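First the structure, in the form of structure tokens, and then the observations on it.
Rule-based calculations on the coordinates, nothing more; no lab input. Owing to the predicted nature of the structure, the values given are computational and were not obtained by experimental measurement. All Cβ positions, even for glycine, are placed from backbone atoms using ideal geometry, and neighbour counts span all protein chains on display.
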Amino acid sequence: MTTLEAIKYVRGELQVLDQLKLPHEFVYDNVSTCEQAFDCIKSMRVRGAPAIAIVAALALAVELEHKKDGRKCTTQKADTIKYINSKLDYLMGSRPTAVDLSNAIKRLKKKSAATAANSLTSDQTLACADIRLSYIEGAEKILEDDLTTNLAIGRYGAEYLRRQQMPVLSPVDDADSLRYFTTSPPGTQGAPDRTYRKLSVLTHCNTGSLATSGHGTALGIIRSLYKMNYLDTAYCTETRPYNQGSRLTAFEMVFEKIPSTLITDSMAGALFSRMKEEKNISAVIVGADRVARNGDTANKIGTYSLAVLARHHNIKFVVAAPTTSIDLFTESGDSIKIEDRAQTELMQISGAVVGKDGKVDVNNTARVAIADQRINVWNPSFDVTPHLLIDAIITEKGEVVRSSKGTFNFKSIMPERW
Ligand code: MRU
């Protein structure tokens, strides 16, 4: 295997990597119905805002593809639209916080309705087939667009972070050269190359290939930093309670040989105060489940605490998100619905058993209680970082930097949606 894929799709067939089994087992589940997709999302076998939307959209595409010549084929245009809408409404109930799912659903409903309205054929069976095909193509486009978007976010993010670095003035001696990179910044043709210290970043949760169609958002920026030779170390938090950082991000980093170090969430303050200078820790980079119109950002629980710490230590706090995660209909973070999850996520943990010889037995996994099972638990899955703590939001259309007035001018990157 050369690339990590959370989602494998060819028309009529969808396979989803079971992320609850990672990093010990690599198992793909077939998802051929919306009910299976709902269950897969709800149980977090697939997770991450873009991946959730893609799996939901494609599961219905698979169902519709199989209906093509099946007995259950509906013959009225209105029935087909009703069927599509009801399945999408059902999928909408799987996880509420990320806007990607509701955006994908709106986009697909609109496309199907437009195909129905524009269909000229009087043959209802043909018209239904047109609607189904239009839906399938729309869902496939969501998958395709996500990868292009992430690659652009990666490039813009890496360049944004490079621009925050001061060139080093004194020549770098050879022994130290691995800690530096030399580049001619884009748009400065003819200017002499400049030398910079490689930079380190901290990321939270998992925003990589496993959370998207590939490359990732925040982790996509880290991938790009690494490919451009700008990266010293990527730190990743464990991300309690569900450990997306230690189970998934650590796995992605090791898989891609990105220089990386795992910390618990509670170590971030110590990391910033003790290692900022030595490792040139330049930014905290996180993804987003929903960015409100004012820039407030909902993301994995613990993001807000990292933003406060970053501000205290004068470290940039950067959100990486596709423009589809910017929800212009939500004025501020106060209106974002935060998903509460099961108490067991805090009280129990899954893992592979470690033998007396220290070896991990991947065939022997267990769920273990780590707290008194009678304790009350509060388990919000996400928190909201106020926009004033965010320095920049990197999208596929470029960066939006917080202005001196504390605002984010999203109109500059998406005037058509304003
Ligand atoms: O609960 P999860 O694992 O779905 O939460 C994921 C996150 O919070 C991610 O940071 C976010 O969805 C962005 S993924 C590109």
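Structure notes:
- Relative to the dominant Cα principal axis of the chain, helix 49-67 is inclined by about 20°.
- Highest-MSF residue in the chain out of 358, 333, 93 [GNM, Cα springs under 10 Å]: 358
- Table column - 3J(HN,Hα) (Hz), the stretch 301-306, Karplus curve with 6.51, -1.76, 1.60, x for Gly and Pro: 3, x, 5, 4, 4, 5
- Ordering 196, 332, 121 by Cα displacement along the dipole of the chain toward the positive end leaves 332 in first place; charges were set at the Cβ atoms of Lys, Arg (+1) and Asp, Glu (-1).
- Counting beta carbons within 10 Å around each of 135, 230 and listing the fewest first gives the order 230, 135.
- Considering only the stretch 291-418, percent of DSSP beta bridges that pair antiparallel, nearest 5: 75
- The stretch 96-130 and the stretch 288-308: distance between their alpha carbon centers, rounded to Å: 32
- Helical runs (DSSP H, four residues minimum) scored at -39500 (n - 2.57) apiece and divided by the length of the chain put the mean residue ellipticity at 222 nm at -11500 deg cm²/dmol.
- Between the beta carbons of residue 414 and residue 189, assuming R0 = 30 Å, the FRET efficiency works out to 0.50 to the nearest 0.05.
- Entries in 77/110; 111/227; 110/337 that, when Cα-Cα distance is taken, lie over 26 Å: 111/227
- Over 28 Å between alpha carbons, listed pairs 106/411; 42/411; 279/356; 257/316: 42/411; 279/356
- Max mean-square fluctuation residue, GNM over the chain, Cα-Cα springs under 10 Å, options 197, 311, 274: 274
- Computed about the Cα centre, the dipole magnitude for the chain is approximately 500 debye when only Lys and Arg (+1) and Asp and Glu (-1) carry charge, each at its Cβ.
- Checking every one of the trypsin sites (Lys or Arg not before Pro) in the stretch 324-365 against DSSP loop status and a limit of 12 other Cβ atoms within 10 Å picks out 337, 356, 359.
- Net lengthening on full extension, residue 117/residue 329 (0.36 nm per residue, minus Cα-Cα): 73.7 nm
- Under 13 Å from residue 87, Cα to Cα: aspartates and glutamates that are on another chain or at least 8 residues apart: 35, 63, 79
- Cβ-based net charge around residue 238, under 12 Å, with every Lys or Arg adding one and every Asp or Glu removing one: +2
- Annotation: aspartates and glutamates with alpha-carbon distance below 17 angstrom to residue 198 (same-chain offsets under eight excluded): 159, 173, 174, 176, 232, 277, 278.
- Candidates 370, 222, 153: whichever shows maximal mean-square fluctuation once the chain is modelled as a Gaussian network with Cα springs under 10 Å: 370
- Degrees between helix 218-227 axis and first principal axis of the chain (Cα, 0 to 90, nearest 10): 60
- 0 to 90° range, to nearest 10: angle between helix 268-279 axis and the chain longest Cα axis: 60
- Looking at the chain, the DSSP beta bridges with both ends there are about 60 percent antiparallel.
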